[in-house]
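Beneath this line is the structure, given in structure tokens, with notes to follow.
What follows draws every value from the coordinates through simple rules; no lab data is involved. Please read all numbers here as calculations on a predicted model, not as lab measurements. Please note: Cβ atoms are built from the backbone with ideal geometry, for glycine as well, and neighbour counts cover all protein chains shown.
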Amino acid sequence: MRRWHRQDVQIHGDDADKVVHHGDQDVSGVRKGFAACVADAGLPEAVTPHWVRHTAATLLMEADVDIWLAASYLGMSAITLERHYAHHRADFQSVARRPKVRQVVLLQRPAPRVD
């Protein structure tokens, strides 16, 4: 870290307060730096940091990672994660596949209207 800081001071002078760089330029915001990385990778401009977060949340849920750990990693509440991504979990609606639960659910459906 000290070596990197010395290199930053040599390149940028006393303004070497940014931690992330792209090329020789400081990255002052996530969007601008991310957009440059997207362009360098040849991806469509529509790719945003939100896509990465959404993909990470989906993959964490599909891998059955503990909701609290996943939410902490993603920087969102467990309630938000569960509300928006729980349907990606392997056990989602597994209760509904059980025969007794299916019978109850089917019995609770309103009868179709005949007009």
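For region 49-92, averaging the sequence separation of C-alpha pairs within contact (under 8 Å, six or more residues apart) and dividing by the residue count gives a relative contact order of 42 percent.
Projecting the Cα atoms of 49, 65, 80 onto the charge dipole of region 49-92 (Cβ charges, centred on the Cα centre) puts 49 farthest toward the positive pole. Judged by the mean number of other Cβ atoms found within 10 Å, the most tightly packed of the peptides 42-51, 62-71 leads the ranking 62-71, 42-51.
Local charge for residue 65 was computed over the other residues whose Cβ lies under 15 Å away, with Lys and Arg +1 and Asp and Glu -1, and equals -3. Estimated at 0.36 nm per residue, the fully extended path between residue 87 and residue 7 surpasses their Cα-Cα distance by 24.1 nm.
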